[in-house]
1. When only residues in the stretch 175-230 that are of a type in the set (Phe, Trp, Tyr) and buried (at least 22 other Cβ atoms within 10 Å of the Cβ) count, which is farthest from residue 267 (Cα to Cα)?
2. Could you tell me whether any residue of the stretch 243-258 is over 26 Å from the mean Cα position of the chain (by Cα), assigned to a loop (DSSP other than H, G, I, E, B), surrounded by fewer than 21 Cβ atoms within 10 Å (Cβ to Cβ) and in the same structural domain as residue 174 (by TED's automatic domain parsing)?
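The values are calculated or read from the model by the stated rules, or taken from the named source; none is laboratory data. Because the structure is predicted, anything quoted here is derived from the model rather than measured. Please note: Cβ atoms are built from the backbone with ideal geometry, for glycine as well, and neighbour counts cover all protein chains shown.
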Amino acid sequence: MRYRVPFLVATLLMPLGAYAQPLIQSQEGIALQNEILQLQQQIQQLQTQGGNGASSLGGSAPPPSSGGAANSLVPTLLTQVQQLQAQVQSLNGQVSDLQHQVQTQHDQTEKELSDLKFQMSNGAAGGQAAAGAPQAGAAPSLAPTPPPAMVPTDPKAALQAAIDAYGKHDYATAQKLAQGIVAGHKSAPQAYRAQYLEAQSFTAQGDPQSAAVAYYNTYNMNKNGTYAPRSMLGLASSLAAIHQDQEACETLASLNSQFTSPSPGMKTEIDAVSTRAHCQ
């Protein structure tokens, strides 16, 4: 009967080892599994000693202390088993907490992306509405306005006028001319350059939200075009300016993945935006 207790301890240790398997492969989890293995080996040794003592018949007497030593170790082993069970339960609780935190962060990121897309959509609509607002307000005024002939109707001439205005720091005029090209001549070769110029003009006017929309539209217009890398950089910079750091870092990651050899000057700008957005 005295050897049934070590057998009971071994029976308790077996499910404990199986229970520890799902733990994350952390140093603490590995240490627990090693302790469990050592205890199992001790139990096997006790069972071997007990079996040898029970089978000896009169020839040579078994060591008188083997059975007592085995029984004296049982309470210690049971205590260790209970402690290990408590540690395993604690680690499982920590794993559950970490999984909850990861899920919470994932949900928050999804919500921020959804909010950003909504803001960008509203920004685009607001920019179009703003373009028409001065015309509506100017209707009742008797102040002279430039005749329509002053605005180039040819997309090539309009783009050159927009570039000239931008060079003179007249960013509002550059923006409106560029918007006119994109809206009225979207299939023209100049539309792509005009879309990027519109984004640059918003940035120069200190409107990062509208700039983010314009840079995003530029990239989508031609994802492998001349202005695609700069559009992604401008988008990331604009997102960082409106405190959308996570989205800015994701944009930079996409930029670095798609365009692996930026110029030294652009690499410096990428690093600067990464620092502002606190990217890892």
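1. Applying the filter and picking the extreme gives 202.
2. no
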